[in-house]
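Trainee: Below you'll find the structure I mean.
Read-outs throughout are calculated quantities, based only on the coordinates presented, and are distinct from any laboratory measurement. Only a predicted model underlies this, so the values are computations on that prediction, with no experimental measurement involved. So basically every Cβ, Gly included, is an ideal-geometry build from the backbone, and we count neighbours across all protein chains shown.
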Amino acid sequence: MLRGRRSSQQSVKRSGRLSGQGVRVDHIGSTSVPGLAAKPIIDIGLGVVDVDREEDYLPDLIAAGYRLRVREPGHRMVRTPDLGVHVHVCTAGSDWERRQLLFRDWLRYDQSDLAVGPGSFCHQV
């Protein structure tokens with residue numbers, strides 16, 4: 001899975017350089033937490049200057065083969081046709097981005113919450 005994550009991050013970075021809009025690229029999903037049960041989907045967080053200025057980044061992602069699937073306040077999500085990669089786009093430094101990174105980092109740090117099974121934290125989320 002590590003190889004898939006790296007190639008997905010590189011693919012996002014190479015997406016036309018996002019017209020200079022890509023501020024940061026992070027692996028944020030369940031596959032980013034060693035030892036956590038995860039679906040075979042790689043979630044990438046892409047922080048841009050302004051998520052509402054879709055014309056600055058969306059054409060590059062679409063040209064790279066991604067499809068827009070979610071458009072909501074402060075967040076867009078594009079994915080590959082095979083559904084194996086989800087790219088979550090938000091404004092860099094936004095509350096949306098901070099929540100995703102803090103949650104990922106908390107799970108990486110506190111291994112006691114990685115229990116998998118009925119009633120475990122991860123099954124409640």
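Trainee: If packing is taken as the average count of other Cβ atoms within 10 Å, what order do 101-107, 29-35 fall into, highest mean first?
Mentor: Packing order, densest peptide first, comes out as 29-35, 101-107.
Trainee: Please give, to one decimal in nm, the separation of the simple spin-label points placed at Arg71 and Asp110, each 7 Å out from Cα toward the Cβ.
Mentor: For Arg71 paired with Asp110, the spin-label model returns 3.7 nm.
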